[in-house]
Amino acid sequence: MLAPMLIAASLGSPQIDKPWKQVAPGVETASAADLGGDSGWAARVLVVDPTKAQFLVRYDPARPTLQEWRRRFPRALAILNGSFYSKDPDVRPTCDLISEGKPFKGAGCRRQDALYFGARSKTEPVVPAVSRPTPPPRLLVPADFRPEQWSEALKSFPALVHGAAAVCGGPHYCAESSRTAAIAQMKDGRILLFASQWPAVRREVAKWLAEELGAVEALNLDGGPEATLSLKDESPEDSIGTLGIGLPMVLVVVGAPLQN
């Protein structure tokens, strides 16, 4: 199939072939349509090598707009919206998250098909003669998530792909057509971000991620007006998103190493 071959060529070689465009070393983008996705989605993907970039989870109940998040992170390589939230009466995250090492308790999120995205692990203290590798960014089922291991993480639902198979096949939410955002883990450990400017059926996105792109895990994020994917140095009009919409939770991709 064309799309997996393009993914493999891009991820396995420093030479970037069309349709991929380099955003930064280890960070590449392409339109979903060029990778076999439905052109009607008007969607974009971003693939991130976690050895060359890092993920931050940020939460602000004041619901900053994309432009305001951009001003806070002027060097961000990309910004993707996060998980769900409620506004009754105050803004609260629906699911648990960890930001800058601080946990935030979600208002609900008891679905069995939820997953965690462990975005950035904590640095272990240096111990002579002891090597303790920290876990790389990845998607995990709730039973495998250890909050003490992570300084940045979020939980969302439903799982779109699990164990390399599309699992979002239900007749209700997964069959609805809505602007969609998602995060996926590829076989080689790279992380893929997805957002559509126009409505997409979630189970069709799940099938495409698993069967065309080879994702082994994928997680649905907040969609509708909040679906956002903005790359560095692009105008707000060129980003996937809704101008002026508030985003209480975002995933920020940064290139420079950070200290805990």
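The values are calculated or read from the model by the stated rules, or taken from the named source; none is laboratory data. No experiment lies behind these values; they were computed from the predicted model shown. Every residue, glycine as well, gets a Cβ built from its backbone with ideal geometry; the counts of neighbours run over all protein chains shown.
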Complete set of residues in segment 43-57 that are of a type outside the set (A, V, I, L, M) and buried (at least 21 other Cβ atoms within 10 Å of the Cβ): ARG44, PHE55
Residue within segment 93-103 that is among the polar types (S, T, N, Q), over 23 Å from LEU243 (Cβ atoms), surrounded by 17 or more Cβ atoms within 10 Å (Cβ to Cβ) and touching a Cys at 6+ places or on another chain (Cβ under 7 Å) present: yes
Top-ranked residue of segment 143-159 - restricted to ones that are part of a loop (DSSP other than H, G, I, E, B) and touching a residue at least 24 places away in the same chain (Cβ under 8 Å), ranked as surrounded by the fewest Cβ atoms within 10 Å (Cβ to Cβ): PHE145
Answer from ALA206, ALA210, ALA195, ALA256 - the residue that is at pLDDT 95 or above, small (Gly, Ala, Ser) and not in a helix (DSSP H, G or I): ALA195
Some residue of segment 232-246 being within 13 Å of the chain's Cα centre (by Cα), buried (at least 23 other Cβ atoms within 10 Å of the Cβ) and farther than 14 Å from ALA32 by Cα: no
Selection within segment 161-174 - more than 27 Å from GLY255 (Cβ to Cβ) and either assigned to a loop (DSSP other than H, G, I, E, B) or out of contact with any Lys or Arg (no Cβ under 6 Å at 6 or more places or on another chain) (or both): HIS162, GLY163, ALA164, ALA165, VAL167, CYS168, GLY169, GLY170, PRO171, HIS172, TYR173
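Suppose we keep only residues that are surrounded by 23 or more Cβ atoms within 10 Å (Cβ to Cβ) and not basic (Lys, Arg) within segment 160-181. Which one would you say is modelled with the lowest pLDDT? Explain how you work it out, then say what you get.
Taking segment 160-181 and keeping what is surrounded by 23 or more Cβ atoms within 10 Å (Cβ to Cβ), we get 160-161, 168, 179-181.
From what is left, the residues that are not basic (Lys, Arg) are 160-161, 168, 180-181.
Details: LEU160: 97, VAL161: 98, CYS168: 92, THR180: 98, ALA181: 98.
Looking at the filtered set, the residue picked out is CYS168.
From the list ALA200, ALA184, ALA206, exactly one residue is under 20 Å from VAL254 (Cα atoms), among the aliphatic types (A, V, I, L, M) and surrounded by 22 or more Cβ atoms within 10 Å (Cβ to Cβ). Which is it? Break it down into steps so the answer makes sense when it comes.
Numbers: ALA200 fails: under 20 Å from VAL254 (Cα atoms); ALA206 fails: under 20 Å from VAL254 (Cα atoms).
Within the list ALA200, ALA184, ALA206, the selection yields ALA184.
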